[in-house]
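Have a look at the structure below before the remarks.
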Amino acid sequence: ATFIINDENGQFVDQVSWNAPALNDVLYRYDEDQVRYVLNYGRPGTPMAAWGAPGGGPLTTQQVDNIIDYLWTVQKDIGTMRTEVDDLVKSIDEGLHERMLRVREANEGIVDPLQAKRLSHEDEIALGEILFNNQSVGAGSYSCARCHVAGAAYGQAYSDFGRLHTSSFGPNLAGVENESTEAQHFDVVWNGMTSGVGYFSRRQGNPQMPAFGVNRNSGRSDEGVPDLGPEGMLTAEQVWAIVTFERNLSN
């Protein structure tokens, strides 16, 4: 989508082509209520407008629900998602890919991801950087940077004017290690945020922070929500790598 970037005073900076994320995996990282929230209210600072009547958009509640019903019909299976990410890592560093798979195999049967075996610190930094900045798989739907780095969604990450405009949706994560423990940080990336719940030292839960380790829709079949299984888009060793990379952004 074409999008106008303005500075902090509302003055024109650039006209860009914004790359929207794929939606055929959206119901793995967001629950139905979160998807409904985005459809209703949009995403400020991005081309995603408010489409639902609660946000001033043109669609009725029933029409928004119909969109969600359709999205359920196009979701990928878990194996396809895992293969996409694994193949990306392999294409960049085959040795890292092999070590990642060995750690994943060693974690089979471990229920608590906080107890999962992990890659070396060096490998976590390398893998975390790949996953954090990834814009090539799922049109960035697996990426942290597209929300947390201004300009990443339109190919101009870290541009000179990046700190002047409002096109990064999430907060800058530099210094996050000073606001949270490692376990708290992992919990947010693994489970996502819930509105109204307190996180870290001073942040309130944002319903638009997704879960990358679990499927938040799983276990809701009694509410009429389809269940694609409990697993999310990323595995434990991958989420730990993202956490380690983010906690070293200030270095």
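The values are calculated or read from the model by the stated rules, or taken from the named source; none is laboratory data. This one's a predicted model, so the numbers in the text were calculated from it and none came from an experiment. Virtual Cβ from ideal backbone geometry, glycine too; neighbours counted across all protein chains shown. Note: areas computed on protein heavy atoms with side chains; ligands, DNA, RNA excluded. Shrake-Rupley method; radii C 1.70, N 1.55, O 1.52, S 1.80 Å.
Observations on the model:
- Note on the stretch 80-210: with charges restricted to the Cβ of Lys and Arg (+1) and Asp and Glu (-1), its dipole about the Cα centre is near 460 debye.
- Burial order of peptide ranges 11-18, 130-137 (average beta-carbon count within 10 Å, highest first): 130-137, 11-18
- Among 220-227, 23-30, 236-243, the order from most to least packed when residues are scored by Cβ within 10 Å on average: 236-243, 23-30, 220-227
- By the helix-only formula, in which each DSSP H run with n ≥ 4 contributes -39500 (n - 2.57) and the sum is divided by residues, the chain has a 222 nm mean residue ellipticity of -11000 deg cm²/dmol.
- Structure-derived Rg/Rh (Cα atoms, Kirkwood Rh): which label, when the choices are (1) 0.93; (2) 0.99; (3) 0.96: (3)
- Label separation (ILE68 vs ASP7): 4.2 nm, computed from points 7 Å beyond Cα along the C-beta direction.
- Rounded percent of accessible protein surface that carbon and sulfur make up, the stretch 1-137, 1.4 Å probe: 51 percent
- Cβ-based net charge around ILE68, under 11 Å, with every Lys or Arg adding one and every Asp or Glu removing one: -4
- Surface share of carbon and sulfur [accessible, 1.4 angstrom probe, percent] for the stretch 196-240: 49 percent
- Top positive-direction residue, dipole computed over the chain with Cβ charges, set VAL243, LEU96, VAL38: VAL38
- Relative contact order computed over the stretch 40-87 (Cα-Cα under 8 Å; 6+ residues apart), in percent: 21 percent
- Here SER17 and ASP77 are evaluated by their C-beta separation; at R0 = 22 Å the FRET efficiency comes out at 0.10.
- Here the chain is treated with +1 on each Lys and Arg Cβ and -1 on each Asp and Glu Cβ, and its dipole about the Cα centre works out to around 440 debye.
- Averaging 1/r across all pairs of distinct Cα atoms in the stretch 8-59 and inverting the result yields a Kirkwood radius of 12.7 Å.
- Mean separation of Cα contacts under 8 Å, 6 or more apart, over the residue count of the chain: relative contact order %: 23 percent
- Accessible area per residue for the chain, computed on protein heavy atoms with a 1.4 Å probe, is 48 Å².
- Projecting the Cα atoms of VAL149, GLY10, PRO58 onto the dipole axis of the chain, where Lys and Arg carry +1 and Asp and Glu carry -1 at the beta carbon, places GLY10 farthest toward the positive end.
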